[in-house]
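S.K.: Sharing a structure, written as structure tokens. Questions coming.
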Amino acid sequence: MNSPPGPSAPSTSTTGPSAAQAVSWLHTARFLTTAPRLEHLPELEVPEIAFVGRSNAGKSTCINTLTQQKRLAFASKTPGRTQAINLFSLGKQGVTDAVLADLPGYGYAAVPKLDKLRWQQVMANYLVTRPNLVGVVMMVDPRHGMTELDEILLEVIRPRVEAGLKFLVLLTKADKLNRSEANKALSIARLQTAGGEVKLFSALKKQGVEEASLLLWHWAHPETA
């Protein structure tokens, strides 16, 4: 005797775009403003997603790869010297439905200690107080793993993550790892983020681009999740 059919799986066509559509959405990124201090940031109602990471972790390259724009996020010749928060609008037909925030890279040795401390405080204040912040993407070079500064940043945002802030670690430069090294890096990062979202990413191989794009789209459009 045949069993009665179970409930059909919900259609995914009504829950959001395809990966290709999410990639296309990120391609709409355009410069909005730069803010050397928190008080210079515009008050926005749309969802904001922040990109953070140690200098030389590949943050600018990651943003440029996700948005398919070569110089949207500017990589300074002296890592860590860029000390401003850059905002980029997202949305088709010129209508902004989300914003990307590129925070300065941290931890570079050539930056004076007082500047480091000041910017660490600015970033902490931004991550704790920015009202429209819905998600944080942290870039980590898996060959070096999470640093002490990465772990400090994790502690800063932990209360907001527990309250619903989205969080993703992108292990950049994944093309430089073999399969065993990649699996080990993923396992370690997941433990360090207490089971948080972790993905391999390679700008060179375009690895992880569609996955990350789709995730960011859903962060910015929670009503479709």
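The values are calculated or read from the model by the stated rules, or taken from the named source; none is laboratory data. Only a predicted model underlies this, so the values are computations on that prediction, with no experimental measurement involved. Here Cβ is always computed from backbone atoms with ideal geometry, including for glycine, and neighbour counts include all displayed protein chains.
S.K.: Need the failing condition index for E151 against (1) under 14 Å from F51 (Cα atoms); (2) not in a strand (DSSP E or B), just the number.
M.R.: (1)
S.K.: Hey, does the stretch 180-187 have a residue that's under 29 Å from P222 (Cα atoms), surrounded by 14 or more Cβ atoms within 10 Å (Cβ to Cβ) and touching a residue at least 12 places away in the same chain (Cβ under 8 Å)?
M.R.: Initial filter on the stretch 180-187 (under 29 Å from P222 (Cα atoms)): 186-187.
Filter once more, so that each one left must be surrounded by 14 or more Cβ atoms within 10 Å (Cβ to Cβ): 186.
Filter again for touching a residue at least 12 places away in the same chain (Cβ under 8 Å), leaving 186.
Yes, the conditions are met somewhere in the stretch 180-187.
S.K.: Kindly indicate whether T147 is more than 16 Å from the chain's Cα centre (by Cα) and either of a type in the set (F, W, Y) or farther than 27 Å from L177 by Cβ (or both).
M.R.: Details: more than 16 Å from the chain's Cα centre (by Cα): yes; either of a type in the set (F, W, Y) or farther than 27 Å from L177 by Cβ (or both): no.
Against the criterion (more than 16 Å from the chain's Cα centre (by Cα) and either of a type in the set (F, W, Y) or farther than 27 Å from L177 by Cβ (or both)), T147 does not qualify.
S.K.: Give the residue, chosen from V128, V137, that is in a helix (DSSP H, G or I) and either of a type in the set (S, T, N, Q) or under 27 Å from L32 (Cβ atoms) (or both). I'd like the intermediate steps shown before the answer.
M.R.: Details: V137 fails: in a helix (DSSP H, G or I).
Selected residue: V128, the only one of V128, V137 that is in a helix (DSSP H, G or I) and either of a type in the set (S, T, N, Q) or under 27 Å from L32 (Cβ atoms) (or both).
S.K.: Right, something else. Checking E148 against (1) surrounded by fewer than 17 Cβ atoms within 10 Å (Cβ to Cβ); (2) under 17 Å from E197 (Cα atoms); (3) among the acidic types (D, E), only one condition comes out false. Which one?
M.R.: Evaluating E148 over (1) surrounded by fewer than 17 Cβ atoms within 10 Å (Cβ to Cβ); (2) under 17 Å from E197 (Cα atoms); (3) among the acidic types (D, E) leaves (2) as the failure.
S.K.: Within the stretch 194-225, take every residue that is in contact with a Leu (Cβ under 7 Å, 6 or more places away or on another chain) and assigned to a loop (DSSP other than H, G, I, E, B) and give me the one that is nearest to A20 (Cα to Cα).
M.R.: Restricting to residues being in contact with a Leu (Cβ under 7 Å, 6 or more places away or on another chain) and assigned to a loop (DSSP other than H, G, I, E, B), the top hit is G208.
S.K.: Exactly one of (1) polar (S, T, N, Q); (2) over 19 Å from K92 (Cβ atoms); (3) at pLDDT 85 or above is unmet by S24. Its number?
M.R.: (2)
S.K.: If A212 passes every condition in (1) under 30 Å from S89 (Cβ atoms); (2) without any contact (Cβ under 8 Å) to a residue 60 or more places away in the chain; (3) of a type in the set (G, A, S) but one, which one does it miss?
M.R.: A212 satisfies every listed condition except (2).
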